[in-house]
Amino acid sequence: MPSDPMPRFAVLGQPVAHSLSPRIHRRFGEACGIALDYRAIELAPEALPARLAAFHAEGLSGANVTLPLKELAARACRELSDTARLSGAVNTLIRREDGWLGDNTDGAGLVADLHRLGVRLAGARVLLVGAGGAARGAVPALFDAGIGSLTVANRTAARAEALAHDLQSCGDIATCGFEALPGAGGFDLILNATSAARSGRALALPAALATAGTVAYDLSYGAAAEPFLAWAASIGIARAADGLGMLVEQAAESFQRWHGVRPETGPVLDELRAPGP
Ligand code: NDP
């Protein structure tokens, strides 16, 4: 009798060849004793709706979705989780009989990484810089974790206001443009959810945002996180981290939704942080 075919998963994006997700999910599978096939699939935005239907018909078991397809995927899914609906972005596709359930594990991944780092979220005054898809994904999870207050600052202030309006069911969200940041007060946690470093420009944030004990966290990782982490060091913030841990934690959340078990993240994160040969 033929054995069951290996379940197939993928990460969809453009470009996607650089994605660490196949490596992370293969390692999780090995550690949990779950055989799986996980690959990166390059997909143009205009092709997404038709390809999602085809992937379902072909028996794909699940997928991650990355830039620039997360918002489009939210519109193409048959059903959305509360988090995906609130954030308007999908990073995880879960197979249902009649189509895809879209979920978003980015916020849960961020909070899991902050907990792993020992950052106290209960009652924390949080500044979230950026109002794009990643910021939207973070907001519900931050409120679920019990933060005390949230200010969202964005280059385009109107986009921060739209975020606060759309996510008002999560909690009170103060908003401002960058020009108002010098008077915004001090924060326990400053999250950079912008892609500013990709455009080669460092954010010009005032030093007065930090108080003794402030933690700085960049959702980006690698070279893209360097300008923000350098800013944090330059104003004396002692605890700062990039978003590689978030990447591994959001992957663990997706893995759990697909396989019913949450893998240990520490060994994979250690491996990714280890210097190459
Ligand atoms: P979006 O394109 O949706 O949003 C980009 C945000 O960056 C907007 O708020 C935009 O402001 C701001 N921005 C862009 N350029 C500048 C600039 N020069 N100066 C100031 N602000 C700027 O991107 P995402 O929200 O999807 O992603 C944001 C970051 O988070 C990315 O670097 C991404 O890699 C990272 N991320 C990391 C994850 C992880 O697992 N570690 C998961 C998801 C995202 P404006 O509205 O004014 O244009």
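Read-outs throughout are calculated quantities, based only on the coordinates presented, and are distinct from any laboratory measurement. Since we're looking at a predicted model, the values are computed, not measured. Every residue, glycine as well, gets a Cβ built from its backbone with ideal geometry; the counts of neighbours run over all protein chains shown.
For segment 114-175, what D do you get in µm² per second when you plug the Kirkwood radius from alpha-carbon pairs into Stokes-Einstein at 37 °C and 0.692 mPa s?
Once the numbers are plugged in, D ends up at 283 µm²/s.
Taking the Cα centre of segment 1-77 as the origin and placing charges on Cβ (Lys, Arg +1; Asp, Glu -1), which of Tyr38, Gly62, Ser19 is farthest toward the positive end of the dipole?
With unit charges placed on the Cβ atoms, the residue in question is Ser19.
Taking the Cα centre of segment 15-140 as origin, work out the dipole magnitude from +1 charges on Lys and Arg Cβ and -1 charges on Asp and Glu Cβ, in debye rounded to 20.
Working: 15 positive and 13 negative charges, 84 e Å.
It comes to approximately 400 debye.
Using mean Cβ contacts within 10 Å as the protection proxy, how do 189-196, 254-261 order, highest first?
189-196, 254-261
Output the relative contact order of the chain, whole-number percent, from Cα pairs under 8 angstrom with separation of 6+ residues.
With pairs under 8 Å counted, the relative contact order is 15 percent.
What dipole magnitude, in Debye to the nearest 20, does the chain give about its Cα centre under +1 on Lys/Arg Cβ and -1 on Asp/Glu Cβ?
Numbers: 24 positive and 28 negative charges, 53 e Å.
Approximately 260 debye in magnitude.
Per residue of the chain, what 222 nm ellipticity follows from adding -39500 (n - 2.57) for every DSSP H run with n ≥ 4, rounded to the nearest 500?
Theoretical 222 nm ellipticity from helices: -11000 deg cm²/dmol.
With an 8 Å Cα cut-off and a minimum separation of 6 or more residues, compute the relative contact order for segment 1-135 in percent. All intermediate terms of the calculation are to be shown ahead of the outcome.
On the way: 199 pairs, mean separation 27.6, N = 135.
Dividing the mean separation by the residue count of segment 1-135 yields 20 percent.
Mind checking the angle between helix 48-58 and the chain's longest principal axis? C-alpha axes, 0 to 90 degrees, to the nearest 10.
Between the helix axis and the principal axis of the chain, the angle is about 40 degrees.
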